[in-house]
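Enquirer: If you scroll down you'll find the structure; I have some questions about it.
The values are calculated or read from the model by the stated rules, or taken from the named source; none is laboratory data. Just so you know, these numbers come straight off a predicted model, no measurement behind them. Positions of Cβ are backbone-derived with ideal geometry, glycine not excepted, and every protein chain shown enters the neighbour counts.
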Amino acid sequence: MVRFKSRYLLCEVCVENRSSLLLLEEKAIYHAVKAAVARAHGDYGAALLVLSHAVKYVNAHTGIVLIRCRKSHYRVVWSALPFISFLENRGQKVQCFLNCLHVGAERDEVRRAVLSCSLGKEKDVEEEEMEDDWEDE
């Protein structure tokens, strides 16, 4: 069996109105990243994402997003993030941009980065969610 190495991009969704973060869903972020890569890198970039692009974690309260992609293609995704200017979900467009906070591959390293971005009183809930997400893989 072949093991594919992945990179995780920890991003923060920056919006003017924090209440619009509640509209965040994995599907909306997935399609926004896919469209941005297609605009920035054309058919080649879009084809690279078909292989193993996924949104692994979304926190609608803090605006933290974890995007997984292959190790050899993470720079393509990373370079397309500035081209995301809005997220469309449930028929509404939310003006935003994605700020990449951390790029990593090791589970503990990424987990610490996610928890350092979380709100203080929500850390226990965040830790439980992250444990469940990692066990599912």
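Enquirer: Within the stretch 83-101, is there a residue that is in a helix (DSSP H, G or I) and either among the hydroxyl-bearing types (Ser, Thr, Tyr) or surrounded by 13 or more Cβ atoms within 10 Å (Cβ to Cβ) (or both)? I'd like the intermediate steps shown before the answer.
Expert: Within the stretch 83-101, the first condition is being in a helix (DSSP H, G or I), and the residues that meet it are 83.
Those still in the list that are either among the hydroxyl-bearing types (Ser, Thr, Tyr) or surrounded by 13 or more Cβ atoms within 10 Å (Cβ to Cβ) (or both) too: 83.
Yes: the stretch 83-101 contains one or more residues that are in a helix (DSSP H, G or I) and either among the hydroxyl-bearing types (Ser, Thr, Tyr) or surrounded by 13 or more Cβ atoms within 10 Å (Cβ to Cβ) (or both).
Enquirer: Does TYR44 meet the test of being touching a His at 6+ places or on another chain (Cβ under 8 Å), surrounded by fewer than 18 Cβ atoms within 10 Å (Cβ to Cβ) and among the aromatic types (Phe, Trp, Tyr)?
Expert: Answer is no for this residue.
Enquirer: To continue, here is another question. Is at least one residue of the stretch 21-34 hydroxyl-bearing (Ser, Thr, Tyr), touching a strand residue (DSSP E or B) at 6+ places or on another chain (Cβ under 7 Å) and in contact (Cβ under 8 Å) with a residue 60 or more places away in the chain?
Expert: Residues of the stretch 21-34 that are hydroxyl-bearing (Ser, Thr, Tyr), as a first pass: 30.
Next, only the ones that are touching a strand residue (DSSP E or B) at 6+ places or on another chain (Cβ under 7 Å) stay: 30.
When the remaining residues are screened for being in contact (Cβ under 8 Å) with a residue 60 or more places away in the chain, the result is none.
Scanning the stretch 21-34 turns up no residue that is hydroxyl-bearing (Ser, Thr, Tyr), touching a strand residue (DSSP E or B) at 6+ places or on another chain (Cβ under 7 Å) and in contact (Cβ under 8 Å) with a residue 60 or more places away in the chain.
Enquirer: What pairs can you find where one residue is in the stretch 88-105 and touching a residue at least 12 places away in the same chain (Cβ under 8 Å), the other is in a strand (DSSP E or B) and small (Gly, Ala, Ser), and their Cβ atoms are less than 7 Å apart, with a gap of 6+ or different chains?
Expert: So the pair list comes out as ALA105/SER6.
The rows are residues; the columns are (1) in contact with a Gly (Cβ under 6 Å, 6 or more places away or on another chain); (2) aromatic (Phe, Trp, Tyr); (3) closer than 20 Å to GLU25 by Cα; (4) modelled with pLDDT of 80 or more.
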site	(1), (2), (3), (4)
VAL94	no, no, yes, yes
ASN99	no, no, yes, yes
ARG112	no, no, no, yes
ASP124	no, no, no, no
MET130	no, no, yes, no
ASP133	no, no, yes, no
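Enquirer: I need the full set of residues from the stretch 4-26 which are more than 10 Å from the chain's Cα centre (by Cα) and under 22 Å from TRP78 (Cα atoms), in order please.
Expert: Result: PHE4, LYS5, SER6, ARG7, CYS14, VAL15, LEU21, LEU24, GLU25.
Enquirer: Further question: Would you be able to say whether some residue in the stretch 50-70 is without any contact (Cβ under 8 Å) to a residue 12 or more places away in the chain and either part of a helix (DSSP H, G or I) or in contact with a His (Cβ under 8 Å, 6 or more places away or on another chain) (or both)?
Expert: Scanning the stretch 50-70 turns up at least one residue that is without any contact (Cβ under 8 Å) to a residue 12 or more places away in the chain and either part of a helix (DSSP H, G or I) or in contact with a His (Cβ under 8 Å, 6 or more places away or on another chain) (or both).
Enquirer: Test LEU24 against the stated conditions and say whether it is modelled with pLDDT under 90, closer than 25 Å to LYS93 by Cβ, surrounded by 16 or more Cβ atoms within 10 Å (Cβ to Cβ) and not hydroxyl-bearing (Ser, Thr, Tyr).
Expert: So LEU24 fits the description; yes.
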